[in-house]
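Novice: Below are the structure tokens for one structure; questions will follow.
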Amino acid sequence: MERKQFTFPKLEYIRPDFEKISAQAEELTNRVKQAESYEAVKACLKEMEEITKHMDTAVTIASIRHTLDTRDQFYEKEDAFIKAKLPEATPRLLALKGAFMNSAFRAELEKEYGSQMFASMELEKKAFCEENIPLMQKEALLTSEYEKMMASAEIPFMGEMRNLYGLQKFFGHEDRKVRQAAYREYSSFYHSHEERMEEIWDELIKLRTQMAVNLGYENFIPVGYMQQGRTDYGQEEVAEFRRQVREYAVPLCTKLYEMQRKRLGIDTLMAYDEKRVFPDGNAVPAGDEDFMISQAQKIYHDISPETGEFVDFMIEHELLDLKNRPGKASTGYMTILPDYLAPFVFACLNHTTFDAQVLTHEMGHAFAGYMAAREQPLSAYYLCATDIAEIHSMSMEQFTYKYAEMFFGEQADKYRFAHLQDALMLVPFGTAVDEFQHICYGNPSLTPKERTLEWKRLEELYMPWRKYDADDFFDRGGFWYHKLHIFLYPFYYINYILTTMGALEFAERNEKDHESAWKDYLRLCKCGGSMSYLETLKYAGVSVPFEEGCVKRAMEYAESKLKNM
């Protein structure tokens, strides 16, 4: 495949012409309806591909550049323009997809491209109505406001102005008083914005509830599931998974934190102690962002020919932005530029253990996108549903364990232990995030303070070890405000937890037979979004996390690994 010569910083951005796109979609819709042969319908599908790929590429360039510097007024305006105009073009784009769904040649399309294309189209259709366009526009304004609020943090600490990622660096500091002070500053930032965050969250719940009512649903929960692309499981399966987490993961994490308390030699483990895993210090990368990239390049060349080609592509085309800067959005993500078959990785490294985790995590996403874009015939399949996507990323974290010395030198074993323990600790927290959203959207009349009390109750259920040392804001349940996904991506967060089970399964299989495990992982990456969740798990030989015993097996494996580290 011929490579396009480009680097991301020099890519030209051209504002999408949504009126033109709508007109093109309408013209294609008529052609599909009038088509008298499969070849004619297929030609229309290819044209739709080109239109949507160009649109999605422009939208993604604007979004990336907006998050790279939320203070850049040009891209702030472009991002706002796109979020306002894209919903207006959606009806005609959906009408075009509807024409394919109702085509007399649907069976031939399904035979060539798979049934998942139509399953995804059906979800899009069910989750949209024109009455919701102004609500979607308001929703976008609110989420952008929250995101910019988080990126605007400028907190004086230890002689410098810090953003939120810069402050988190001190959560693992050797001096307990410094850890405590950093945590208090972190809490104070959210406390100072509490009133507006309450208003934003309240407005989002009301907006999303009204969207659901307009679509014929009692509340937003089923719509949120559709937006996450869930076609073959629902609320009952997720509730069963949460039960397993409470039964097996919470007791193990409680035990691990008690062991950590003893290691640190303190009477009570406070929230600001949780990131200080070892009394003599956590693992710290042996270099800066450029060092991490250079080491990652060596690692991925050693893993496989495919990962070697991938990492060279990412570096050559400047598709990694890892440095933490003022104004940069407080998040980490991977996205894709369809026109260039190019993933992009965004992160804010802060010279902690976290750096290797976030780098390998987002590179796992990116590698999957890179492979799927070269294997799949439709851009809709370049990225898969979010519940599968996190298996790519979290498994890649595990596959790179053997290379930890390249990032951390003699501290590699510390990294492996802390990373695995942290993966386990995320399970109760992430499950609480999911249940919190079910409570809020299932009971939209709750007041802001009642919602925060619900979070406090969930902390006691899922994180009974958590103590905030008289921090009034976090003590009364304010910790949830810091989780961006709650505001921006409804019902996304449980994906991290579901896929932790798959990642741990890949880790165990990798120990026993690396060649077989890697082969299945590569198959998983190449298939992209061409299958449903359960079909993809089966295809890659991964267990279904809802099945009884799945969480128990994963927790037992992880505990045994930690004991032997």
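Novice: Report the label-to-label distance for GLU160 and GLU50 in nanometres (one decimal), using points 7 Å from each Cα along the Cα→Cβ vector.
Specialist: Taking the two extended label points, one gets 5.0 nm.
Novice: Sticking with this structure for a sec: Can you run the Rg to Rh ratio on segment 8-113? Use alpha carbon positions and the Kirkwood inverse-distance Rh.
Specialist: Taking Rg over the Kirkwood Rh, I get 1.08.
Novice: Taking the Cβ of each residue in SER120, SER192 as the centre, tally the other Cβ atoms inside 10 Å and list the residues starting with the fewest.
Specialist: SER192, SER120
Novice: Work out, in µm²/s and without decimals, the Stokes-Einstein translational diffusion coefficient of the chain at 20 °C, 1.002 mPa s, Rh from Kirkwood over C-alpha pairs.
Specialist: D, rounded to a whole number, is 87 µm²/s.
Novice: Right, here's the next one. Helix 386-399: angle to the longest alpha-carbon principal axis of the chain, degrees 0 to 90, nearest 10?
Specialist: Tilt relative to the chain: about 50 degrees.
Novice: Under the Kirkwood approximation for Rh and a Cα-based Rg, what ratio Rg/Rh is obtained for segment 458-565?
Specialist: Radius of gyration over Kirkwood radius for segment 458-565 works out to 1.07.
Novice: Okay, moving on. Pop a pseudo-label 7 angstrom from the Cα along the beta-carbon direction at both LEU534 and MET101 and give the gap in nm to one decimal.
Specialist: Going by the 7 Å Cα→Cβ label model, 2.1 nm.
Novice: Report the full-extension gain for the segment ALA23 to ASP72: residue separation times 0.36 nm, less the Cα-Cα distance, to one decimal in nm.
Specialist: Once the chain is fully extended between ALA23 and ASP72, it gains 14.5 nm.
Novice: Also, quick follow-up: For every helix of n ≥ 4 consecutive DSSP H residues, a contribution of -39,500 (n - 2.57) applies; sum these over the chain, divide by its total residues, and give [θ] at 222 nm rounded to the nearest 500 deg cm²/dmol.
Specialist: That calculation yields -21000 deg cm²/dmol at 222 nm.
Novice: With the cut-off at 19 Å, tell me which of the pairs LYS33/LYS126; LYS402/LYS526; LYS414/LYS561; LYS255/LYS561 have Cα atoms farther apart than that.
Specialist: Result: LYS33/LYS126; LYS402/LYS526 exceed 19 Å.
Novice: Continuing with this model, one more query. Report relative contact order for the chain in percent, whole number only (criteria: Cα-Cα under 8 Å, sequence separation at least 6).
Specialist: RCO, the chain: 18 percent.
Novice: Then there is this: Using the Karplus curve 6.51 cos²θ - 1.76 cosθ + 1.60 with θ = phi - 60°, work out ³J(HN,Hα) for each residue of segment 359-366 in order, rounded to whole Hz, and write x for Gly and Pro.
Specialist: For segment 359-366, the Karplus-derived couplings read 5, 5, 5, 5, 5, x, 4, 5 Hz, x marking Gly and Pro.
Novice: May I ask you to derive the FRET efficiency for GLU174 and GLU559 from their Cβ-Cβ distance with R0 = 35 Å, giving the value to the nearest 0.05?
Specialist: After rounding to 0.05, the efficiency reads 0.80.
Novice: Ok, one more. Could you tell me which of rounded, prolate or oblate describes segment 288-352, using a ≥ b ≥ c as the square roots of the eigenvalues of the alpha-carbon gyration tensor, with rounded for a/c under 1.5 and, failing that, prolate when a/b is larger than b/c and oblate otherwise?
Specialist: Since a/c reaches 1.5 but b/c is at least a/b, the shape of segment 288-352 is classed as oblate.
Novice: Roughly how tilted is helix 305-316, in degrees to the nearest 10 and between 0 and 90, from the longest Cα axis of the chain?
Specialist: 90 degrees
Novice: Same structure, new question: Once you keep just the Cα pairs under 8 angstrom separated by 6 or more residues, what percentage relative contact order results for segment 8-113?
Specialist: 42 percent
Novice: List the trypsin sites (Lys or Arg not before Pro) in segment 1-57 that DSSP assigns to loop (not H, G, I, E or B) and whose Cβ has at most 12 other Cβ atoms within 10 Å. Which are they?
Specialist: Sites meeting the loop and neighbour criteria: ARG3, LYS4.
Novice: Right, something else. When the Cα atoms of segment 84-178 are enclosed in a convex hull and the volume is divided per residue, what value in Å³ results?
Specialist: Normalising the Cα hull of segment 84-178 by residue number yields 172 Å³.
Novice: Continuing with this model, one more query. Each label point is 7 Å from the Cα along the Cα-to-Cβ direction; what then is the distance between the points at ASP290 and GLU511, in nm?
Specialist: 3.9 nm
Novice: Out of segment 1-47, which GluC sites (Glu not before Pro) are coil in DSSP terms and have no more than 13 other C-beta atoms within 10 Å?
Specialist: Filter output for segment 1-47: GLU2, GLU12, GLU36.
Novice: Among rounded, prolate and oblate, which fits segment 358-456 when a ≥ b ≥ c are the square roots of the eigenvalues of its C-alpha gyration tensor, a/c under 1.5 means rounded, and a/b larger than b/c means prolate?
Specialist: Oblate, because a/c is 1.5 or more while a/b does not exceed b/c.
Novice: Between segment 436-461 and segment 238-253, what's the alpha-carbon centroid distance in Å?
Specialist: Distance between centres, Cα-based: 19 Å.
Novice: When we measure straight from the Cα of LYS53, which lysines land under 16 angstrom away, once same-chain ones fewer than 8 places off are left out?
Specialist: By straight Cα distance, LYS53 reaches LYS4, LYS20, LYS97.
FYI, it's all coordinate maths here, none of it is from the lab. Keep in mind it's a predicted model, so treat the numbers as computed, not measured. All Cβ positions, glycine included, derive from the backbone under ideal geometry; neighbour counts span all protein chains shown.
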